[in-house]
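Below is one structure, written out as structure tokens; comments come after it.
The values are calculated or read from the model by the stated rules, or taken from the named source; none is laboratory data. All of these numbers come straight from a predicted model, not from anything done at the bench. With ideal geometry, Cβ positions are generated from the backbone for all residues, glycine too; neighbour counts draw on all protein chains shown. Quick note on the areas: whole protein, heavy atoms, side chains included, nothing else; ligands and nucleic acids left out. Shrake-Rupley method; radii C 1.70, N 1.55, O 1.52, S 1.80 Å.
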Amino acid sequence: MRTLLERVREGKVPPVLARAARAVGMEPSVACRRVADGRLVLFGDRLIGEGAPTRVNVNVGTSSVADSSGQSERCVEDEVKKARIAGELGDTITDLSMAGDLDEVRRRIHRAAGLPLTTIPIYQAVAENGIGSLEVDDILEVAKRQLHDACSLVLHAGFTREMLAALKGRTMPMVSKGGSMTLAHMIQGGGENPFYEHFDEFLGLLRREDAVLVLGNTLRSGCLVDWSSPRAKRSPEALEFELNRGLAARASVAGVQVVVEGLGGHIPPSSIMAAVRAFKRECPRPLFVAGPLPTDIAVGYDHVAAAIGSAMAAGAGADYICCITAAEHLALPTVEEVKEGIVSARIAAHVGDLMKYGLSEEERMMAVERSRRNWEAQFYLALDGGTAARRRHPPTQTECTMCGRFCALQIVEQYLGAGHGQREDAH
Ligand code: SF4
């Protein structure tokens, strides 16, 4: 069977790719060329990468703590509720589950979201086998099961034993959960990173199912003081970037589409945009960023900090961002926190797209409706479908109570006339 990447390289235009291209206003022939070059990937029915809207991923998944407190079914139910919300507001979903019957939980989450699903094989392999007795065959076996359910896979292949020395001196040497499990397996067994050592076997599995490979950002910095630019020689970020870039090229040769994760975690705000531009210049593949958080001290409001960092990253060229919640670093998020996190990420993606592609029609329309004080139309245009706006300005309310009868818009309209300030190109 030829993979989608191989078919576009042969000059074919797969109908599923043509449909996805038209959905984002891209010529199918342009989309095929970009997919062939590795600048764009088709994941499920969504295009991610050059010329596509910035996409939002939502993480959900059961936690071993919630599960061990005897709340296992409630815990799964909550994750399914989060998945439903992700289905309404997100673009893709990642299942991070570590508790319960993981195959069943994954399928329930996938069904509830109805979005392209990513999984992380090391999570399920560790949850089912424990870190101590984990073998590479266990991870391969889990990967096969996950791929059978039409998932894309995150592989933590971008670091080797030799690279661990570069983590010395960091306050938090490694903050990636999948990375920490991979590291534990390496140290206990005295061997190499199994994802790196057996990369071709994983590629074979991905190719067979025509699945997307996501190369994990295992060595991301966990705090601002640990950040070093991928351009700094022998920094963890630089070493991972080089390794992932090489692995991505190998995947492309094997006919597997690739998304590269990078520049996630915590990065000083003055470095974010330059780092993303440099990354994309040297590796123009679809770039997924988790965060980055431009400050460490927004604890309890990390959805806001992440939205600021993600908007900067997206504006500089990142293609795919991740929902971060207010509970980040603190707890498994509630259903409501996940919703707020997705809306925050949606806003960041939109701001990024305004920076990449210019003003959208929605922005022009909102300006007109706001000048008309047409609340219903403003709700309709709102990024979250007007939910928060309706709560603050119920439909029964005819006026905005902020300035009441001293509403500036009303006063100016009274003296200058309705439509005085409206541009001719605003409809
Ligand atoms: S009352 Fe004040 S805040 Fe509300 S719409 Fe009018 S000018 Fe804006």
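On average over all directions, what projected area in square nanometres does segment 169-239 have, based on the convex hull of its Cα atoms?
Answer in nm², one decimal: 6.0.
Tell me the mean residue ellipticity at 222 nm calculated for the chain from its helices only (DSSP H runs of n ≥ 4, each -39500 (n - 2.57), averaged over every residue, nearest 500).
-15000 deg cm²/dmol
Starting from the Cα of Ala274, move 7 Å in the Cα-to-Cβ direction to define the label point; list residues of segment 312-352 whose amide nitrogen is under 19 Å from there.
312-318
For the chain, build the convex hull from the C-alpha positions and give me its volume per residue in Å³.
156 Å³
Contour minus end-to-end for Glu192 and Asp37, with contour as 0.36 nm per residue of separation and end-to-end as the Cα-Cα distance?
52.7 nm
Multiplying the sequence separation of Ala331 and Met1 by 0.36 nm and subtracting their Cα-Cα distance, what value in nm do you get?
114.4 nm
Tell me, in nm to one decimal, what length is gained between Arg107 and Met172 on full extension, where the rule is 0.36 nm per residue of separation less the Cα-Cα distance?
20.0 nm
If r is the Cβ-Cβ distance from Ala249 to Arg372 and R0 is 60 Å, what FRET efficiency results, to the nearest 0.05?
0.65
Taking amide H positions as placed 1.01 Å from N in the peptide plane, with prolines and chain starts having none, which residues 5 or more places from Phe43, or on another chain, fall under 5 Å of its amide H?
Under 5 Å from the amide H of Phe43 lie the amide H atoms of Ile48, each far enough along the sequence or on another chain.
Give the calculated FRET efficiency between Ile411 and Ser133 to the nearest 0.05, with a Förster radius of 45 Å applied to their Cβ-Cβ distance.
About 0.05, to the nearest 0.05.
So for the chain, taking the charge dipole from beta-carbon charges (+1 Lys/Arg, -1 Asp/Glu), which of Gly158, Trp227, Pro14 sits furthest toward the positive end?
Pro14
Of all the accessible heavy-atom surface of the chain, with the other protein chains kept in place and a 1.4 Å probe, what percent is carbon and sulfur?
On the way: 10480 of 19420 Å².
Whole-percent figure for carbon plus sulfur exposure: 54.
Run through the DSSP bridge list for the chain and note the antiparallel percent, rounded to the nearest 5. Walk me through the intermediate numbers first.
Numbers: 4 of 29 bridges.
So the antiparallel bridges in the chain amount to around 15 percent.
For a bin width of 10 Å, list the pair-distance distribution of segment 332-413 built from all Cα-Cα distances, rounded to whole %.
Result returned by the calculation: 15, 38, 32, 13, 1.
Based on Cβ point charges of +1 for Lys and Arg and -1 for Asp and Glu, what charge dipole magnitude is obtained for segment 361-416 about its Cα centre, in debye rounded to the nearest 20? Don't skip to the end; give the middle numbers.
Values: 8 positive and 8 negative charges, 53 e Å.
So the dipole magnitude of segment 361-416 works out to roughly 260 debye.
Relative contact order of the chain, please, whole-number percent, based on alpha carbon pairs below 8 angstrom and at least 6 residues apart. Could you put the intermediate results ahead of the total?
Numbers: 761 pairs, mean separation 58.5, N = 427.
Relative contact order, the chain: 14 percent.
Sort out the exposed loop GluC sites (Glu not before Pro) in the chain (DSSP loop, at most 12 other Cβ within 10 Å) and tell me the longest stretch that has none.
In short, 11-423.
First measure r as the distance between the Cβ atoms of Ile297 and Arg231, then evaluate 1/(1 + (r/R0)^6) with R0 = 41 Å and state the FRET efficiency to the nearest 0.05.
0.95
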